1. What pairs come up if the first residue lies in the range 23-37 and is of a type in the set (S, T, Y), the second is not in a loop (DSSP other than H, G, I, E, B), and their beta carbons are under 7 Å apart, counting only those six or more places apart or on different chains?
2. Return yes or no: is V36 within 17 Å of E91 (Cα to Cα) and at pLDDT 95 or above?
3. Scanning for something of a type outside the set (V, I, T), modelled with pLDDT of 70 or more and open to solvent by less than 40 Å² (accessible area, probe 1.4 Å), does the range 101-119 turn up at least one residue?
4. Would you check which residues across the range 56-98 are at pLDDT 95 or above, part of a strand (DSSP E or B) and more than 13 Å from the chain's Cα centre (by Cα) and list them?
5. Given (1) more than 23 Å from H132 (Cβ to Cβ); (2) without any contact (Cβ under 8 Å) to a residue 12 or more places away in the chain; (3) aliphatic (A, V, I, L, M), where does A71 come up short, assuming only one miss?
6. Residue by residue through the range 48-58, note down the ones that are open to solvent by 20 Å² or more (accessible area, probe 1.4 Å) and either among the small types (G, A, S) or touching a residue at least 24 places away in the same chain (Cβ under 8 Å) (or both).
7. Scan the range 12-35 and tell me whether some residue there is touching a Pro at 6+ places or on another chain (Cβ under 7 Å) and surrounded by 12 or more Cβ atoms within 10 Å (Cβ to Cβ).
Amino acid sequence: MRLLAVDLGKKRIGIAVGESHPEVISPRPALAATGVLKQDAQSVDKIARREEVNVIVVGLPLEDGEEGRMAIVCRKFGELLVEHGWLVQYEDESLSSVQAIANMADLDMKASLRKKRRDGEAAAIILERFLHGEKTS
């Protein structure tokens, strides 16, 4: 199965694409968020079609295990993707950006490159969590 993960942010949207068998995940360059969910969903829809994915996994920010305001926004974003015909799943994205930065720092990647790749790497972590069965409803 081919999947696309989304790390929705206020300024950027992290994207990663992966295969479930064999498990291969590739971060993609982040999209600039427009601040209009409908437009951002259209952009993700175009990428998902181009990448020929079967499922879109939307990162869901949880605060102490609870859904806050941004989680509601992410669920609305997912609903817009469903309207485009996609099967949408959700995965806890808590601290995925922090983990992505730490992983890249461990590789001695320059800070400027870490900043550029952070969102795609965070989306890759979300997809990895999803594939390893840590699904959030």
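1. Between residues of the range 23-37 that are of a type in the set (S, T, Y) and residues that are not in a loop (DSSP other than H, G, I, E, B), the close pairs are S26/A16; S26/V17; S26/G18; T34/D40.
2. No: the conditions fail for V36.
3. For the range 101-119, residues of a type outside the set (V, I, T), modelled with pLDDT of 70 or more and open to solvent by less than 40 Å² (accessible area, probe 1.4 Å): present.
4. L87
5. It fails just one condition, (1).
6. E51, E52, N54
7. yes
The values are calculated or read from the model by the stated rules, or taken from the named source; none is laboratory data. What you see is a predicted model; the values in this text were computed from it and never measured. Heads up, the Cβs are rebuilt from the backbone with ideal geometry, glycines too, and the neighbour counts pull from every protein chain shown. SASA here: full protein model, heavy atoms, side chains in, ligands and nucleic acids out. Shrake-Rupley method; radii C 1.70, N 1.55, O 1.52, S 1.80 Å.
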